[in-house]
Structure formats: C-alpha cells, structure tokens
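Structure, as structure tokens:
The values are calculated or read from the model by the stated rules, or taken from the named source; none is laboratory data. Note that the coordinates shown come from a computational prediction; the quantities given were computed from them, not determined experimentally. Virtual Cβ from ideal backbone geometry, glycine too; neighbours counted across all protein chains shown.
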Amino acid sequence: MEEYAINSFSSGELTPRAAGRIDVPAYKNGGKTILNGIVLPQGGVTRKPGSFMLTAITTGGWMAEFQGVDGVGYVFIFNNAELKVYLAGVLIDTDTTVHLTADLPNLQYAIDGNVMYIVDGAHTPQKITYTPGGPSFAITAYSSTAVEAGWDTGADFESAGNYPHCVTFYEARLLYGNTDNLPNYVWGSNVKDYVNFTDGNGTSGELIATDGFEIKVNSKRGPVVLWLSGQRGLFVGTSKGVFSISDENSLLSPVSLISAKQNSAFPANTIPGFELGGELFYVQAGERKIRLAVYDRDEDIYDAPDITTASEHITVGRIKKVVVQLLPETLIWVILEDGDIIVFSYSKENKVQAWSKLSTTGTYKDISIVREGNTETVYVIVARDGTEYFEQLAPIDFADNDYMFLDSALTKTFGTAFTISNIVTDTGRVKVTTSAAHGYAGTEYVGVSGTGINGIDSVIFRIEVDDATHFWLLDEILESDIDVTVTPAVTQGTVQEADNTITGLSHLDDNVVNIVSGPVNVGSGTVASGEVTVVTRRTTFTVGLNYFTDIIPMNIGIAKSRKKNIKHIAVELYKSIAPRGGKDEDNLDYFRYGRNIVMNEAAEMFTGLSEIPHRGGSEYAGEILIRQSLPLPMTVLSIIAEMEVY
C-alpha cells in the first residue's frame with residue numbers, strides 16, 4: 001500500500017492546463033474543482049456561507065460601501081436617479097441623485113472623513129456628506145473655487161467636457177483624472193483645500209509645496225486615464241499600462257519635478273486598482289487577468305505578475321467588479337459578468353494563493369463589503385426569476401450551532417417568547433405559569449427552552465389552556481400528559497408558539513427549498529403561494545435554497561502511467577457534519593464518526609480524522625470527490641489516499 005497526502009489546498013482550483021505539472025508543489029496542493037468553498041489562510045477549504053434575503057430591489061442597482069469617522073459602515077445602492085442607504089441590512093434613507101442607469105457602470109468614488117466624492121464623467125462631481133447620530137446623508141454638487149487659468153484644462157470640473165471620470169485622495173489632496181477634453185491628464189488640488197486647483201500661491205506668486213498641479217500622462221500610444229489609486233503611492237491605471245506619479249522628494253509637490261513613470265505596460269481596465277498588504281493589484285484590459293504591480297529592488301523595476309495564471313480558466317466569465325475583505329480573513333471577492341463569484345485567498349506568510357468559485361440559484365450582480373463591529377460583512381445583489389434581491393452573507397467564522405448554509409434564506413419565528421415564572425408537576429400533570437398573559441386558546445403547540453429540565457427543553461408540546469397565564473403540557477402526538485416529573489418547581493425558561501407551516505416565502509415560489517431549525521436539518525419541500533409545510537413543528541425555521549460544496553483534488557500525482565486502486569480515503573475535518581466522499585457523485589459514502597446523521601435531530605460538529613472506503617476500482621487518474629450536499633457545515637483540511645499501484 002502507498003499513501004498520497006494532500007496536505008492543503010493552498011493553490012486553489014487550478015486550470016486544466018496544469019494537469020501535467022506534477023513537478024511543481026502547486027499541483028499537489030491544488031484542485032480540479034473547488035465549488036462553493038473558500039480556501040482559508042491555513043490552507044483548508046470551508047463552505048461558502050449562505051445568504052439571508054433582505055429585500056427585493058429595483059433592477060440594475062450598483063453598490064458602494066461607506067464608513068465615516070465614527071466607524072459605522074453603510075451600504076449605498078445607487079439606481080436610476082436614486083440612492084438608498086442601508087445600515088446592517090435595513091433601509092434607513094432614500095435620496096435623489098443625478099446618476100442615471102447608464103451612468104452606474106462608470107461610477108468611481110473616494111472617501112475623506114465623512115464625505116464621499118463621486119464621479120462618472122457625465123456630470124459635475126457629487127458629494128455625499130454624512131452626519132453621524134441621526135444619521136443623515138446630504139447630496140450636493142461639487143464646486144471648485146478656482147482652477148489655474150494657465151493649465152491645459154483651462155476650466156473647472158463642473159462643465160461639459162470637463163467632468164472627471166476618476167477620483168482619489170492622496171497626501172491630503174483631492175485628485176481628478178480623465179475628462180472628455182483631456183483624457184490623459186491628472187489634476188491635484190491644493191493640500192487640505194479640495195476646491196482649490198491653483199498654483200503660484202507663494203507670497204510673490206511662486207510655486208509652493210502645497211499648490212495644486214496638473215500632469216499629462218505621456219506615452220507613445222496615447223494613454224487614457226482609467227483610475228487613480230492613492231495609498232502608499234499615487235498610481236494611475238491607463239489604457240496603456242500603470243504609471244506612478246512621483247517627484248525627487250518623498251512628498252508630491254509641484255515645486256520639484258513631477259512626472260508620470262510607467263510601471264507596467266499591461267493595459268488596465270476601468271475597474272479601479274486596489275491595494276492589499278501594501279501591494280497594488282489591478283484588472284488587466286480584457287477582464288480575464290488580475291496583475292500585481294511589484295517593485296523589484298534588485299532590478300530597480302516594477303514587475304506585473306498575473307495572479308490568475310495558475311487558474312486562468314476561473315475568469316472565463318470576465319471580471320466585472322472586485323472588492324477586498326480584511327476581516328475575519330483576507331479575501332479578494334470578484335463578481336463575474338456571467339453571474340458567478342470567484343474568491344482569491346491571499347496569505348503571503350502562509351504561501352496561500354488560491355482561487356475558488358461560488359455559485360447560486362440565479363446570478364450574482366454586485367457585491368459590497370462593509371465593516372460592522374469587529375468584522376466585515378459581505379452583501380450581494382442576486383437576480384432570480386426576473387427579480388433582484390439584496391442579500392447578506394452569513395459569517396464565514398460561525399459559532400457552534402450558529403451556522404447557515406442556504407441561499408436567499410428567511411428565518412421565520414412563531415409568536416412571542418414568554419418568560420416562564422413557574423413550571424412544576426401539579427396533581428400528576430406538568431403545569432406552566434407565564435409571567436404575562438400568553439394569549440393561547442384552543443389547539444396550540446409550543447416549544448420550551450432554558451428550563452434545564454431533561455424531557456422539557458427543546459421539545460414540542462400540545463397544550464391545554466387553564467387560564468390567561470397557566471397551561472398544561474401534553475404529548476405533541478398522543479395529546480396526553482407527559483411522563484416527566486418536575487419537582488421542585490423551576491422558575492426559569494421561555495415558552496413560544498410552534499408550527500409547521502412557514503409563510504412569507506413568495507420570493508421562493510415554485511422552488512425546492514431546504515428547511516433547518518437551528519442546528520437541525522428538517523428536510524425539504526416546494527414553496528407554493530409563499531408557503532411550505534413540513535412534518536415537524538418548531539418555534540423557528542430557516543428556509544432557503546440548497547447548494548452543494550464540491551472539492552475535487554488534482555489527480556493522484558504519482559505513477560501517472562500506472563493504474564491505481566484507492567482503497568480508503570481519510571479526511572482531516574474541522575467543525576463538520578455529514579460530508580461524503582468517494583470516487584465520484586455516484587459512489588459517495590458518509591464519513592464515519594460518532595453516530596449517523598438523523599433527520600430532525602441535532603448532530604454535533606466533528607473535528608478530527610475520518611475514513612471511508614473509496615470503491616473506485618483500478619484506474620489511472622485516482623479521482624476523489626468530497627461533497628457536502630446538506631445545509632450543514634464542512635471544512636476539509638487535508639486528504640490522505642491509501643492505494644495500491646500496479
């Protein structure tokens with residue numbers, strides 16, 4: 001017997017073109033498929049979190065994230081002449097804007113303190129001013145006090161032909177780029193004076209370091225400025241490559257020579273470049289490649305390696321938008337034109353550079369990531385059945401029994417939770433007293449929690465009402481007194497109505513959905529007229545669209561010319577319930593650990609090594625599939641295949 005160990009998935013999903021590269025370490029740590037999984041910085045693969053449906057929105061929305069100086073994060077959704085502001089997924093403000101549907105793909109913005117500056121090349125730049133506390137958002141047109149008459153622009157930025165397409169902030173300056181009249185120019189305001197674009201502000205009319213400036217980006221091929229990025233340097237993405245604007249000093253100053261130096265000859269796309277860990281990334285024209293502008297100190301040149309080379313197939317749907325998540329993990333999220341999401345896990349210290357693909361029922365249209373408390377939340381716009389929905393992804397780092405792996409999900413809670421002031425056996429029957437009038441009448445079912453009584457907590461009961469604050473607990477099915485003795489009395493816990501018909505699901509009409517209740521997988525059903533009924537009564541259900549998570553490693557990378565018979569596969573799991581594995585989808589077995597998963601019963605998450613037979617027979621490839629098809633957690637850290645080689 002031989003063992004073949006896949007110690008991590010740090011290379012992510014690899015291109016089919018790499019199928020023969022068993023000579024490189026990336027092969028062994030890569031996969032043919034990583035679908036609806038995200039590679040962690042340690043190299044394991046965890047499931048794509050599910051999403052909660054928040055609201056239906058007008059078709060064609062464009063999202064931006066905003067965070068003021070108070071640290072509160074908001075999602076902006078622009079639509080035709082309209083802006084809607086959401087806080088923690090809840091609509092809090094609606095305003096009118098100048099940006100029409102045709103302008104939305106061209107929006108670029110930059111934030112300074114409590115003010116967002118927005119440009120689109122078709123209108124005067126706009127300012128959204130945030131006032132904390134209320135909160136309130138005021139939209140006004142930008143107005144410059146002066147623009148240097150001797151500059152080539154010869155006009156302000158509030159007239160036709162002079163509306164900027166690009167904006168950023170750098171070293172306390174507001175910078176604009178690319179007007180229709182001067183597409184290869186960049187302008188910088190005076191330091192800390194964003195409405196003043198003049199120079200010669202010295203006492204005798206001489207240039208001073210805080211003056212504004214105008215720069216022409218020169219190239220033999222006539223570049224068009226497409227975006228500006230100002231963080232650890234001022235970078236200019238153009239149709240002919242990426243340039244950096246610098247001078248002989250460390251600070252940007254018109255007093256010394258300012259020039260635009262070309263760093264990369266690979267043309268940029270209109271998607272703004274972004275910095276991560278002090279490095280500049282940008283989308284190349286053609287929307288298939290993302291490049292990393294790296295400075296080589298030994299050669300004194302910039303290089304621009306393509307971070308999609310090993311996974312070139314994954315961008316075939318063409319890149320539409322890129323956002324960066326820093327908490328709880330460092331991830332680059334990319335929306336594709338074809339409606340999928342691809343995620344790049346990037347950890348230099350752990351040598352992880354891994355792409356994976358996420359899909360859903362429908363198509364992803366937009367994405368935004370917002371700081372909320374100690375983490376960052378991912379929001380998406382999804383199109384399903386002709387309607388677009390604003391949805392919030394569940395956390396990737398879920399707590400025990402607090403996970404969610406369904407898309408477009410809604411949580412339905414029945415009735416009010418009443419505090420139990422007393423529960424005790426009275427004349428051989430269990431009687432409950434609530435601290436307030438419960439309002440129950442007739443045939444009612446309830447769930448009890450928090451009493452600490454075995455046979456009472458997490459059980460559904462039929463009740464027999466005594467009066468406004470008292471009722472007896474009966475067996476849900478037999479409708480007889482329960483065989484539980486509560487002595488002495490318990491004075492804690494809650495009671496809540498239970499049901500088995502879930503309503504309010506019109507957005508899922510005619511779809512097969514999965515239903516969970518906390519950590520319990522209840523089953524599936526088809527939504528009709530906005531509702532679905534299940535056999536089991538619960539106090540709370542979450543209903544949504546199921547999805548599979550598939551991990552298919554690269555074919556066994558030893559003895560490729562010889563047949564192999566994989567006898568067993570062992571998988572190192574982390575916080576997982578009921579994943580399956582085998583040769584392919586027709587030959588899958590549940591990994592063995594603890595007891596079997598039973599419908600309508602909670603199962604504990606498993607961490608450790610679990611083994612199953614492979615049953616793949618003799619073949620050259622040595623194929624392995626790990627799948628999670630239930631709305632339950634799965635994180636795969638490594639795989640070991642035990643096999644015979646012929």
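Could you tell me which of the residues VAL571, VAL486 is in the same structural domain as GLU464 (by TED's automatic domain parsing), modelled with pLDDT of 95 or more and over 30 Å from ALA56 (Cβ atoms)?
Exactly one residue qualifies, and that residue is VAL486.
Here VAL255 meets each of (1) aliphatic (A, V, I, L, M); (2) over 35 Å from the mean Cα position of the chain (by Cα); (3) modelled with pLDDT of 90 or more with one exception, condition (3). GLN262 meets each of the listed conditions (1) crowded, with 21+ Cβ neighbours inside 10 Å; (2) touching a Lys or Arg at 6+ places or on another chain (Cβ under 9 Å); (3) modelled with pLDDT under 90 apart from (1). Of the residues in the stretch 359-376, not one is farther than 24 Å from LEU331 by Cβ, modelled with pLDDT under 95 and in a loop (DSSP other than H, G, I, E, B).
Would you confirm, using the coordinates I've provided, whether ASP402 is acidic (Asp, Glu), assigned to a loop (DSSP other than H, G, I, E, B) and not assigned by TED's automatic domain parsing to the domain that holds LYS575? Steps first, please.
Numbers: acidic (Asp, Glu): yes; assigned to a loop (DSSP other than H, G, I, E, B): yes; not assigned by TED's automatic domain parsing to the domain that holds LYS575: yes.
Spelling it out, ASP402 is indeed acidic (Asp, Glu), assigned to a loop (DSSP other than H, G, I, E, B) and not assigned by TED's automatic domain parsing to the domain that holds LYS575.
With respect to PHE9, determine if the residue is assigned by TED's automatic domain parsing to the domain that holds LYS575 and either free of Cβ contacts under 8 Å to residues at least 24 places away in the same chain or not small (Gly, Ala, Ser) (or both). Answer is yes for this residue. Annotation: ILE460 fulfils all but one of (1) assigned to a loop (DSSP other than H, G, I, E, B); (2) under 21 Å from LYS431 (Cα atoms); the unmet one is (1).
When you go through VAL225, VAL195, VAL236 one by one, which is the residue that is touching a residue at least 60 places away in the same chain (Cβ under 8 Å), β-branched (Val, Ile, Thr) and either closer than 26 Å to GLU158 by Cα or in contact with a helix residue (DSSP H, G or I) (Cβ under 8 Å, 6 or more places away or on another chain) (or both)?
Values: VAL195 fails: touching a residue at least 60 places away in the same chain (Cβ under 8 Å); VAL236 fails: touching a residue at least 60 places away in the same chain (Cβ under 8 Å).
Testing whether each residue is touching a residue at least 60 places away in the same chain (Cβ under 8 Å), β-branched (Val, Ile, Thr) and either closer than 26 Å to GLU158 by Cα or in contact with a helix residue (DSSP H, G or I) (Cβ under 8 Å, 6 or more places away or on another chain) (or both) leaves just VAL225.
Looking at the stretch 396-419, can you tell me whether even one residue there is over 21 Å from VAL516 (Cβ atoms) and surrounded by fewer than 18 Cβ atoms within 10 Å (Cβ to Cβ)?
Yes, the stretch 396-419 contains a residue that is over 21 Å from VAL516 (Cβ atoms) and surrounded by fewer than 18 Cβ atoms within 10 Å (Cβ to Cβ).
Evaluated against (1) more than 15 Å from the chain's Cα centre (by Cα); (2) of a type outside the set (Lys, Arg); (3) farther than 28 Å from LYS575 by Cα; (4) outside any strand (DSSP E or B), LEU292 falls short on exactly one condition, (4). Restricting attention to the stretch 512-543, the residues being among the polar types (S, T, N, Q) and over 28 Å from MET605 (Cβ atoms) number 3.
Does the stretch 302-329 hold any residues that are part of a strand (DSSP E or B) and more than 16 Å from ILE369 (Cβ to Cβ), and which are they? Matches in the stretch 302-329: TYR302, ASP303, ASP306, ILE319. Scanning the stretch 439-459 for residues that are more than 14 Å from GLY493 (Cα to Cα) and surrounded by 13 or more Cβ atoms within 10 Å (Cβ to Cβ) gives GLY439, TYR440, GLU444, TYR445. The residue of the stretch 75-128 that is surrounded by the fewest Cβ atoms within 10 Å (Cβ to Cβ), among those that are closer than 24 Å to THR55 by Cβ and polar (S, T, N, Q), is THR96. Go through (1) crowded, with 22+ Cβ neighbours inside 10 Å; (2) closer than 23 Å to TYR574 by Cβ and name the single condition TYR364 misses. Failed condition: (2).
Limited to the stretch 431-445, what total is found for residues that are over 24 Å from THR487 (Cβ atoms) and among the β-branched types (Val, Ile, Thr)? Full working, then the answer.
Here is the first cut: in the stretch 431-445, the ones over 24 Å from THR487 (Cβ atoms) are 436-437, 439-445.
Then keep just the ones that are among the β-branched types (Val, Ile, Thr); that gives 443.
Selection size over the stretch 431-445: 1.
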